[in-house]
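The values are calculated or read from the model by the stated rules, or taken from the named source; none is laboratory data. What you see is a predicted model; the values in this text were computed from it and never measured. Cβ sites come from the backbone with ideal geometry, for glycine too, and all protein chains shown count toward neighbours. Just so you know, the surface numbers come from the protein's heavy atoms only, side chains and all, with ligands and any DNA or RNA stripped out. Shrake-Rupley method; radii C 1.70, N 1.55, O 1.52, S 1.80 Å.
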Amino acid sequence: MEPELLKEVPSLDLADFTTGNSEKKRQFVADLGAAFTNIGFVAIKNHGLSDQLRQELYAIVQAFFALPEAEKKKLEFAELFGQRGYISKRRETAKGYKVADLKEFYHIGQPEPTGTMPSNVFPDHMPEFKALTLEVYRLFEQAGKTLLRAIALYLELPEDYFEDKVKNGDSLLRALHYFPIENPDALEEGAVRAAAHGDINLITLLMGASAEGLEVLRRDGQWISITALPDQIVVNVGDMLDRLTNHKLKSTIHRVVNPPREKMGTSRFSIPFFMHPRADMDLTSLPSCIDEQHPKIYTDMTAGAFLDERLRELGLKK
């Protein structure tokens, strides 16, 4: 029997997993798994991000995007394929779409890169930008590792199954600016802030955005708005985890719609953290997620090969 269609994203308390008794921990794992097999999204509190840090980060991010275009473009490097630094307006096009998204963004990766990972680039005259983004990066990386422990238990894997796979992983903190639409009549058909897409990574952790607009596609084809309380972050399944679990855990399509016409002249800011494994992680679907009712649907691939494929589909890599 199909699980019920949810009208909102389930809310959970991460403290039940980290500091609760064994029954609370077991219930958290079960509830997280139920949300991820149903709608692919969940709202989490007690994630470690303070309201003060969130406000400070948003303030410095807004200050960066308010810089002149020429200043921002000094931090855009084509050879980084959009994986570090600034990515200018309308550079990214969602898979399957021909019209670029109405956004610009900035990527921060591993603070201490290993192997072939590129180093971070930061605006020299904004030291707070580097300090705050790296602090939040480390905080979200830790919260992500905790959530992956719960996911591992739900999948009946050792609790530390993901630990070595995400150690020094190629995760990204993305500061996003959905810029004002000054002339709505000049927009080409289909141009939206973020066209319908699934995330590439294992899981995404998203702190509250500065304005509404995020919607998720329910399995009955209906779009529902994603809202979270100020003390919550939204966490969703990415395509890599979907592949690993043979679509048991759902990477759900989501989008950011344009605001009502009277609000089109305003900005929207958003800061997601994309939790990636190391490039050599094998995404071959787990045998425990394959049976007669659920035959294997994905080809075998490493995380690095999958990321490369998607960067080309997004137009960030040629």
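Below is a table of values for the structure above.
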{"quantity": "Kirkwood hydrodynamic radius over Cα pairs of the range 122-214, then Stokes diffusion coefficient at 10 °C and 1.306 mPa s, in µm²/s", "calculated": "96"}
{"quantity": "Listed residues Gly238, Thr266, Ile297: farthest to the positive end of the dipole of the range 229-318 (Cβ charges)", "calculated": "Thr266"}
{"quantity": "Qualifying aspartates and glutamates (Cα of each under 14 Å from Cα of Lys145; at least 8 residues distant if same chain)", "calculated": "Glu159, Asp160, Glu163, Asp164, Asp170"}
{"quantity": "Centre separation in Å (Cα based) which lies between the range 115-189 and the range 52-71", "calculated": "17"}
{"quantity": "Projected label distance in nm at Glu23 and Glu71, using a 7 Å step from Cα toward the beta-carbon", "calculated": "5.7"}
{"quantity": "Filtered GluC sites (Glu not before Pro), the range 245-318: DSSP coil and at most 10 other beta carbons within 10 Å", "calculated": "Glu292"}
{"quantity": "Spin-label pair Arg138/Ser267, simplified geometry with 7 Å Cα→Cβ offset, distance in nm", "calculated": "2.7"}
{"quantity": "The chain, helix-only ellipticity at 222 nm - DSSP H runs n ≥ 4, -39,500 (n - 2.57), divided by all residues, nearest 500", "calculated": "-8500 deg cm²/dmol"}
{"quantity": "Spatially proximal lysines relative to Lys250 (Cα-Cα < 17 Å; intrachain offsets below 8 disregarded)", "calculated": "Lys7, Lys296"}
{"quantity": "Per-residue SASA entry for Ser50, accessible area with 1.4 Å probe, Å² rounded to 10", "calculated": "60"}
{"quantity": "Fraction of antiparallel bridges per DSSP, the chain only, in percent to nearest 5", "calculated": "90"}
{"quantity": "Apportionment of accessible area to carbon and sulfur, the chain, percent (1.4 Å)", "calculated": "51"}
{"quantity": "Packing rank of 199-205, 172-178, where each peptide gets the mean count of other beta carbons within 10 Å, highest leading", "calculated": "199-205, 172-178"}
{"quantity": "Sequence-separation-based contact order of the range 1-138, relative, with Cα cut under 8 Å and 6+ spacing, percent", "calculated": "17"}
{"quantity": "Sparsely packed GluC sites (Glu not before Pro) within the range 123-184, loop by DSSP, other Cβ within 10 Å at most 14", "calculated": "Glu156, Glu159, Glu182"}
{"quantity": "Cα-based reach from Lys73 at 29 Å (exclusive), listing lysines while leaving out same-chain residues under 8 positions away", "calculated": "Lys89, Lys95, Lys98, Lys103, Lys130, Lys263, Lys317, Lys318"}
{"quantity": "Calculated FRET value between Lys95 and Asp291, using beta carbons and R₀ = 25 Å, to 0.05", "calculated": "0.30"}
{"quantity": "Alpha-carbon centroids, the range 275-317 and the range 190-230: separation in whole Å", "calculated": "22"}
